[in-house]
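To start, the structure itself, in structure tokens.
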């Protein structure tokens, strides 16, 4: 049996995406997941925080994953949502050019999922500060995606995102669901939304796209693997 290896570029202070991603692929005998970290501790629009997402540290982490013969490398983070999608497109080009390994990202996969759904409006739930949230909404507007309702928890410390309780996340999802968007986006790979997304989708009747789930979805598609295993983490996403 050929083993397919998924490499994930991971923010250093993230505690959510690794166990959740491992759980998602645990039923696949031919897929393993491997992680490489680089420094990310704060999410803001300050120069120091934005500099965390310079290409070189991310490429260094990608090169380490190439030592494990990864078949796909995914940037499991949402920085392009406030920096701009061109940053992820450039990163993909650099990873593929320097390692010879196909690459994906959370935000590019999210855009592909929204397009596959035909979504034009969305509700947004994040842990970020208001200025970061506004930047995300403005960037998504450029791609003909209209935010009809949003909730942000006004946090900067990346580690703190991972300890936000599921009840608080669910409350945010229910709030934005009242505006009946085409989809709800839980945007942050250190926010524990994946485990409650399916239940909330059934409750609200609105498709929910969690960032960690979307990243796995994009990686599996890049490998040519079925995404049906994601039913537990998002019924609509699994069928795309």
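Bear in mind these aren't lab numbers, they're just calculated from the coordinates by the rules spelled out. Predicted model, so just to flag it, every value in this text is computed and none were measured. All Cβ positions, glycine included, derive from the backbone under ideal geometry; neighbour counts span all protein chains shown.
The simple spin-label model puts a point 7 Å past each Cα toward its Cβ; for residue 15 and residue 180 those points are separated by 4.0 nm. Ignoring everything except DSSP H segments at least 4 long, calculate the 222 nm mean residue ellipticity for the chain; use -39,500 (n - 2.57) per segment, divide by total residues, nearest 500. Mean residue ellipticity, 222 nm, calculated: -13500 deg cm²/dmol. Calculated FRET efficiency, residue 37 and residue 146, Cβ-Cβ r, R0 25 Å, to nearest 0.05? In this case the efficiency is close to 0.10. Counted by neighbouring Cβ atoms within 10 Å, the residues 140, 159 run from fewest to most as 159, 140.
Ordering 144, 188 by the number of other Cβ atoms within 10 Å of each residue's own Cβ, fewest first, gives 144, 188. Note on residue 28 and residue 48: their simple-model spin labels are 3.8 nm apart, each label 7 Å out from Cα toward Cβ. Could you list log10 I(q)/I(0) for the range 14-127 at q = 0.19 Å⁻¹, which the Debye formula gives when each Cα is one point scatterer? Scattering profile of the range 14-127, log10 relative to I(0): -1.19.
The coefficient of translational diffusion for the range 109-210, derived via Stokes-Einstein from the alpha carbon Kirkwood radius under 37 °C and 0.692 mPa s, stands at 244 µm²/s. Hydrodynamic estimate: the Kirkwood radius of the chain over Cα pairs, inserted into Stokes-Einstein at 4 °C and 1.567 mPa s, corresponds to D of 74 µm²/s. Fewest neighbouring Cβ atoms within 10 Å first, the residues 209, 223 line up as 223, 209.
With no solvent and one point per C-alpha, what does the Debye sum give as log10 I(q)/I(0) for the range 159-227 at q = 0.13 Å⁻¹? Evaluating at q = 0.13 Å⁻¹ gives log10 I(q)/I(0) of -0.38. Rounded to the nearest 5, the antiparallel percentage of DSSP beta bridges internal to the chain is 5%.
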